[in-house]
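The values are calculated or read from the model by the stated rules, or taken from the named source; none is laboratory data. Since we're looking at a predicted model, the values are computed, not measured. Every residue, glycine as well, gets a Cβ built from its backbone with ideal geometry; the counts of neighbours run over all protein chains shown.
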Amino acid sequence: MPEEKVRILIAKPGLDGHDRGAKIIARALKEAGFEVIYTGLHQTPEQIVNAAIQEDVDAIGLSILSGAHNTLMPAVIKLLREKGADDIIVFGGGIIPDDDIPFLKSQGVAEIFTPGTPVSETIEWVKKHVKPRHKRK
Amino acid sequence: MDSSLIEKILSGDDVATARALRMIDDELPEAREILKKIYPYTGKAHIIGITGAPGAGKSTLVSKLIELYRKKSLKVGVIAVDPTSPFTGGAILGDRIRMQSHSTDPEVFIRSVATRGHLGGLSKSAWEMVKVLDAMGKEKIIVETVGVGQDEVEIIGLAHTSVVVLVPGLGDDIQAIKAGILEIADIFVVNKADRPEANRLVKEIEFMLEMAGIKDKEWQPPVIKTIATKGEGIEELAVAIDNHFEYLKKSGKLKEKIRMQLEKEFENTITSLIKEKIYRKIQEKMESLISKMENGEVDPITLGEKITRELLKEEEK
């Protein structure tokens, strides 16, 4: 029987080695019924985007605690655009100063979740905003 | 059906292939159209199954095999299956973690798949997904099963060569004489072979094979020691995998396998077509039908027979 599942890639770009947050979100998304592809630590934007394309995901969640979000998040979005996959929604989380959020959103990041955001809030956001991408068109 | 999608798949395009795999996994009606069109271009790849207990090192082994195949300029496809939660329907697909070093290689296509309730160690979609990777030109297609116990053996039907990965220290000797998973191996791998019990495990497997009389048959499953994290034993494993494929071709066993696969694909298609038809027909009545059974008015077998009979009669007209 046809059943369209939403698939989400959770990725950790850059150099920091703290993946607790990413794993918690991955687990919570699983509990909410999503198929979550987790790619592990130290991913380059190229690795993330290629994985997202091969896995045909509907969204990418980026977890960054290193402070390099202003470089890495736009880099992922730029690559998605180049590969014609810019309908993949990008959201992010981590230690991101409020002042940086408007810039990231202007670059195409759909939403940013900062420390202290309840997990349930992130999950609700994903449920509301992420649908199978080929249906959205 | 968009014919350019087919062309793109056949030319090895990742985006088109990924899309087709999704349609297959979601069981969309378009999937069948795609499969029909690519079918003539399939049957070229060597399909390798990797199975074994959770934590045995399957994904790491797969990653090292990809590395070796890429050195030989072979194009590689991977289907990595992980379990779906029976409670929430969600899944965490983490096999890619060990394989991400290959994700920027354009000749490697890796797809993670959830079982979505399918038993047997694979997803229902795995069979058809392999066809797409085959059509896109991958020469070696590796299918990694979920971490299995003793009875998830569907991989023998799908793979030409089945590799069973074991690790020392998982159980006493009696585990090794049980039926099921141990009987399906074309090749045994004892991974994490730097552990103290490794040689004993190798001996146990060899003893088991001797007892089962398998050693007298044309193909004797080799037992290969590996330390996947260090890349040790991978070359030997790759040689064994190739030897097995040659054996299949020369002995005529490959033809037999292909016949069995065709039968299975045919059966699967018929089963799902009939099931879809019936469910489409009774969808709206489903609740009331279940209530009837619940109230004891009819049992599920009688009702199932009745509905199937009616559908087949309608088809005859």
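The set of residues in segment B:196-224 that are modelled with pLDDT of 85 or more, surrounded by 15 or more Cβ atoms within 10 Å (Cβ to Cβ) and over 21 Å from B:HIS160 (Cα atoms) comprises B:GLU197, B:ALA198, B:LEU201, B:VAL202, B:GLU204, B:ILE205, B:GLU206. Within segment A:64-112, being among the charged types (D, E, K, R) and more than 28 Å from B:THR17 (Cβ to Cβ) holds for A:ASP98, A:ASP99, A:ASP100, A:LYS105, A:GLU111. Which ones in segment B:116-131 are part of a loop (DSSP other than H, G, I, E, B) and within 22 Å of B:ILE34 (Cβ to Cβ)? Selection gives B:ARG116, B:HIS118, B:LEU122, B:SER123, B:LYS124, B:SER125. Please find, within segment A:51-70, the residue that is farthest from the other protein chains (Cβ to nearest Cβ) out of those that are in contact with a Lys or Arg (Cβ under 7 Å, 6 or more places away or on another chain) and touching a residue at least 24 places away in the same chain (Cβ under 8 Å). Step by step, filter segment A:51-70, then rank; the result is A:SER63. Evaluation of B:THR51 against the conditions (1) crowded, with 16+ Cβ neighbours inside 10 Å; (2) more than 14 Å from chain A (Cβ to nearest Cβ); (3) over 17 Å from the mean Cα position of the chain (by Cα) shows that the sole unmet condition is (3). Would you say B:TYR39 is away from chain A (no Cβ under 13 Å), surrounded by 16 or more Cβ atoms within 10 Å (Cβ to Cβ) and of a type in the set (Phe, Trp, Tyr)? No: the conditions fail for B:TYR39.
In segment A:83-94 there is no residue that is under 17 Å from B:ARG98 (Cα atoms) and either among the basic types (Lys, Arg) or assigned to a loop (DSSP other than H, G, I, E, B) (or both). Restricting segment A:98-137 to residues that are modelled with pLDDT of 95 or more and in a loop (DSSP other than H, G, I, E, B), the residue that is farthest from A:ALA28 (Cα to Cα) is A:GLN107. When every residue of segment B:282-295 is checked against the conditions, none turns out to be exposed (fewer than 13 other Cβ atoms within 10 Å of the Cβ), among the basic types (Lys, Arg), in the same structural domain as B:LYS217 (by TED's automatic domain parsing) and part of a helix (DSSP H, G or I).
The criterion of at least 1 residues that are in contact with a His (Cβ under 6 Å, 6 or more places away or on another chain), touching a residue at least 40 places away in the same chain (Cβ under 8 Å) and assigned by TED's automatic domain parsing to the domain that holds B:VAL148 is met by the following strands (runs of 3 or more DSSP E) wholly inside segment B:1-111: B:46-52. Out of everything in segment A:21-50 that is in contact with an Asp or Glu (Cβ under 8 Å, 6 or more places away or on another chain) and facing chain B (nearest Cβ under 7 Å), what residue ends up being nearest to A:PRO115 (Cα to Cα)? Result: A:GLY40.
Could you tell me whether any residue of segment B:108-120 is among the polar types (S, T, N, Q), crowded, with 24+ Cβ neighbours inside 10 Å and closer than 22 Å to B:GLY52 by Cα? Checked segment B:108-120: at least one residue is among the polar types (S, T, N, Q), crowded, with 24+ Cβ neighbours inside 10 Å and closer than 22 Å to B:GLY52 by Cα.
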